[in-house]
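Undergrad: I'd like to ask some things about the structure below.
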Amino acid sequence: MKPTSARNKQLALDIDSIAGLIAETQLPGGEIPWSAADKTDPWDHVEATMGLTIGGRYGQAVQAFEWIANQQLTDGSWFAAYRNGEPVDKTRDANQTTYIAVGLFHYFLVTRDTRLLARMWPVIRSAIDFAIRLQAPGGEIYWAISPDDQVDQMALLTGSSSIYMSIKCAIAIGRHLGQSMPVWETVLERLGYAIRNKPMHFNMTKSRFSMDWFYPVLSGAVTGYAAQQRIHKYWKKFIVDGQGVRCVSDQPWVTIAETSELCLALDAMGNSRLAEIVFNWIFDKRYDDGSYWCGFTCPDMTIWPEDKITWTNAVALMAFDALYHLTPASGLFRHEWWQQNGYQP
């Protein structure tokens, strides 16, 4: 369903306000913390950068990519958290490391800036290679290397699904740059098989979290009828009808980020009508400046926490884009888009 002209005007105003919140939170060197005076982690830094891109703030987006590139460690990874450029958690997380490929491919689809891709290719390549060295015999990806340099042999379904999306984007970037990566394609195939067919290889205690429900669909690892079945099977477990998605199934806390990501997953599998219905539940969950709440409790509707979170606002923009086709990157998560554009590995 296409928005009306009045709706388009409202969306444009929201986009400017939301991107403005991210831009105002970005530090002078390019780092984008969760909120003012909060920590920065690589995954959410990249997510926030995608919000800047949708908002047309390309200079600040490039500055954000340059900041994260400059923080990359010699093994291709990043530390899990920073404050003002200084590491505060020296865990090296595979999922957080690879997400830069999604952000850069998203930026390329919007701007067609091949020069930035080429400049960042060594960064992308090192990041993906770090993660694939952590692939387990069953195909899943171990989640991290600890600060004392030990591989934590636990695989997370959400994290491995996100890595699946990151490797897809990295392979697509390689093709634009004339770089064939057959090893990555093999890793991706094995990872996708594990996500679809080996649930016991993943830490099942995380199944309380809604991301474990829809991330296999959002990433494109689970598609078609299997995606429809997965969404339907756990709908009542995580959905508060008319409000949004619980972050955790046994807690009365609806989050804007998880609700927006579910909208992306629904749109990805071709159910844009339901995605729009769900997004309308959270459309007005905003502060006076137009930026989105982080979350709220149900049924009392207490906003918690009250921080204005950069990556929450970014993924709300991404859901806007997917539903209303505001940029050339609006189809990034759509399964059909990958096939139609010849990117499917």
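Undergrad: Can you show me the helix-derived [θ] at 222 nm for the chain, built from DSSP H runs with n ≥ 4 at -39,500 (n - 2.57) apiece and divided by the number of residues, rounded to the nearest 500.
TA: Mean residue ellipticity, 222 nm, calculated: -17000 deg cm²/dmol.
Undergrad: Given a cut-off of 25 Å, name the pairs among LYS90/LYS285; LYS39/LYS237; LYS236/LYS308; LYS198/LYS233 whose C-alpha atoms lie farther apart than that in the structure shown.
TA: Pairs exceeding the cut-off: LYS90/LYS285; LYS39/LYS237; LYS236/LYS308.
Undergrad: Then there is this: Just tell me, in residue order, which DSSP H segments of the chain are both 15 angstrom or longer along the helix axis (alpha-carbon based) and at least 1.0 in mean Kyte-Doolittle hydropathy.
TA: Those that pass (Cα extent of 15 Å or more, hydropathy at least 1.0) are 100-111.
Undergrad: Tabulate in residue order the Karplus-calculated ³J(HN,Hα) for the range 338-344, using 6.51 cos²θ - 1.76 cosθ + 1.60 with θ = phi - 60°, rounded to whole Hz; enter x for Gly and Pro.
TA: My calculation for the range 338-344 gives 4, 6, 5, 9, x, 8, 4 Hz in order.
Undergrad: Which whole-number percent is the relative contact order of the chain (Cα, under 8 Å, 6+ apart)?
TA: About 18 percent, as a whole number.
Undergrad: For ASP75 and TYR287, FRET efficiency with R0 = 51 Å and r from the beta-carbon atoms, rounded to 0.05?
TA: Efficiency at R0 = 51 Å is approximately 0.80.
Undergrad: Take the Cβ-Cβ distance between GLU336 and GLN179 as r, set R0 to 35 Å, and report the resulting FRET efficiency rounded to the nearest 0.05.
TA: Calculated value: 0.85.
Undergrad: On full extension of the chain, what length is gained from ILE277 through TYR234, given 0.36 nm per residue of separation minus the C-alpha to C-alpha distance?
TA: 13.7 nm
Undergrad: Moving on. Can you work out the FRET efficiency for the pair ASP89 and ARG208, with r the C-beta to C-beta distance and R0 = 30 Å, to the nearest 0.05?
TA: Calculated transfer efficiency: 0.85.
Undergrad: Which entry in (1) 47, 44, 41; (2) 69, 50, 37; (3) 62, 46, 40 is this structure's computed Cα extents along the principal axes in Å?
TA: From the options (1) 47, 44, 41; (2) 69, 50, 37; (3) 62, 46, 40, the structure gives (1).
None of the figures in this text is laboratory data; all of them are computed from the coordinates on show. Predicted, not measured: the structure shown is a model, and the values here were computed from it. Every residue, glycine as well, gets a Cβ built from its backbone with ideal geometry; the counts of neighbours run over all protein chains shown.
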